[in-house]
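Reading through the structure tokens given below for one structure.
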Amino acid sequence: MAGCPTRQNVRLRCGLRAAVFLWAVFGLLLGGFLPGRLGPGAALAGDASAGAFLRIETGGHTARVNRLASDAQGRLIASVSNDKTLRLWSRDSGEPLGVLRVPMEAGDEGALYAVALSADGSLAVAAGNTGTSWGDGVTLYLFDVKAQRLKARLPGQPQVLNDLAISPDGRFVAGAFGGTAGLRVWDSTSFRMVAEDTGYEARVSALAFAPDGRLATASFDGNVRLYDAGFKQKAKRNPGKGLPYSVAFSHDGSLLAVGYADQTRVDVLSGTDLKTRYSPKTTGIAGGSFAAVAWDGTTLVAAGTATQDGTRNVVRRWAEAGKGAFTDVAAARDSVTYLLALPGGGVAFAAADPGWGVIDPAGRLQFARMGDVADYRDIHLGRFGLSDDGLVLEFGMEQGGRRPMRFDVLARSLTPAPEPLPGLNRPAAEGPGIGVADWRNNRAPKVNGQPVKLDSGEWARSVTVLGPQRRVLLGGEFSLRLLDSAGAELARAEVPAAVWGVVASSDGRVAVAALGDGTLRWYALSGGARPVAELVELFPHRDGRR
């Protein structure tokens, strides 16, 4: 596939009938478990070329969109996602123009957090959790956009990359790293490193260039830093008590806006010494955060998880550089992860829905291209049940388990299910002699009071107790884990997206996980060589008909 010479990727159209897989479900669930037969290809450790990965191709993103970038004319938009793709779009219509893929592995390897485009749109640079599985260190991937192929790579980076930006004159590429690796700047022609700052105490979450080449960064160590055009640090300030998540220079570079990951607050600082100038009004917001900031001319724009009514996240626009009146635009069901000022006016937004869209200079939603995947977040609160034999599954297509559907393996049918079937097994965080706490959207879950060790950056998202075995299935960002009654890991299955829900049959032999990429995956739970073995996966289109 174009852009991925070291991995074969097989794509499935979103309308592919689920019946293709049913022979496997029927044989495996009724005729006995065959661990390993139908699982995704497993690559050898340290080898990026072995195996293949089956991926749903819907024409859009199937997981959280993390960053956007544009060429200087604003004709082309690039987006990157946890679904491990870089997608190209028409800025005016939102129509897809191409897909670029990086080498990947099971779990989080290959997830893209950052992207930058050259001024003429010919070069795209992308990175994230890329290259850590085969010993080269984190890798930047450089793509020829016109040919839609991988052009070069820059391995050996010290940590995951959270953000990338190309300087206004096109001479430099700056990268923001996780951990305490800090900031690096490369020459855009040779990709020789020209500057580095490792004096950070936490991840660098974002960076931004001023029109004259100055650079600002936001870090979870609480500080905003300012560098001159030669990348020497000139100022460092902790403007508030929150976690700075994004920064954006005004069009003349005189002001710097700061958004926070954990506050419904935006600060406007001096672009020359980082002294606080003012903070725009955030009244009328029920909760959440204004994590992402941008400037649309003299209009200050911010978004994140901020909401007025708890149902849709809004993009707030303040007139007079943040000192004037504000208007709110309902943009996304899930978090707005990034804002991009567009040449000629307007702002593009990325969302965890997953998708992206454009708000025009007048503050109107021009279009939104949201994904075709179901939203399984908080599915345990609504319809989510599995029959004893694992052959009938009820699930909600919308957040909270709403809009219920029923999939019957033997009938090969996907139908609306207004009334629940009696006797279906539901997720449970407690069972005889076992209980799970702090598991919902938490980084410190506990089984019978004992902490569960998660991977770096991973969150627990879902759980169910297997009563007969006194074991637990814990769904996270990168894996589905089988735990004992003390929280120790017995086995795991790597997953391509967050496990928003998991339910098991009453005998604990079969489980179904609802993933953030819109798939529902059946697993065999046994005592064999692979105690958690993926059997089959189903992709129900968001329209509920395919």
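Derivation of every value follows stated rules applied to the coordinates shown; laboratory data play no part. Everything numeric here is computed off the predicted structure, so don't read it as measured data. Cβ atoms come from the backbone with ideal geometry, glycine included; neighbour counts cover every protein chain shown.
Brief remarks follow.
- Distance between the range 168-197 and the range 244-258 - C-alpha centres, whole angstrom: 19
- The alpha carbons of the range 125-274 give a radius of gyration and a Dmax of 15.3, 46 Å, in that order.
- Distance between modelled label sites at Phe191 and Asp309, nm, 7 Å Cα→Cβ extension: 4.8
- With 0.36 nm allotted per residue and the present C-alpha distance subtracted, the Glu489-Lys234 stretch has 87.1 nm of extension available.
- Where a label projected 7 Å from the Cα of Arg149 along Cα→Cβ would reach, residues of the range 96-111 with amide N under 13 Å: none
- For Val138, distant residues with modelled amide H under 5 Å away: Gly156, Gln157, Gln159
- Using the empirical formula 2.2 N^0.38 Å as the baseline, the Cα radius of gyration of the range 224-307 reaches a ratio of 1.06.
- Thr198 versus Asp360: modelled label distance in nm, points set 7 Å from Cα along the beta carbon direction: 5.1
- Size descriptors for the range 75-129 (Cα atoms only): Rg and Dmax, in that order, 11.5, 35 Å.
- Plainly put, the range 408-467 has a radius of gyration that is 1.14 times its Kirkwood radius, both from alpha-carbon atoms, as the Rg/Rh ratio.
- For the pair Ala119 and Ser456, the difference between a 0.36 nm per residue extended length and the Cα-Cα distance amounts to 117.8 nm.
- Fully extending the segment from Arg412 to Arg171, taken as 0.36 nm per residue of separation minus the present Cα-Cα distance, adds 81.1 nm.
- Value at 222 nm in deg cm²/dmol, rounded to 500, when DSSP H runs of n ≥ 4 in the chain each add -39,500 (n - 2.57): -500 deg cm²/dmol
- Ranked packing of 230-240, 157-167, most packed first, by mean Cβ within 10 Å: 157-167, 230-240
- Among 174-184, 326-336, the order from most to least packed when residues are scored by Cβ within 10 Å on average: 174-184, 326-336
- Average projection area in nm² (convex hull over Cα atoms of the chain, one quarter of hull surface): 23.4
- Prolate/oblate/rounded call for the range 489-532, Cα gyration tensor, a/c under 1.5 rounded: oblate
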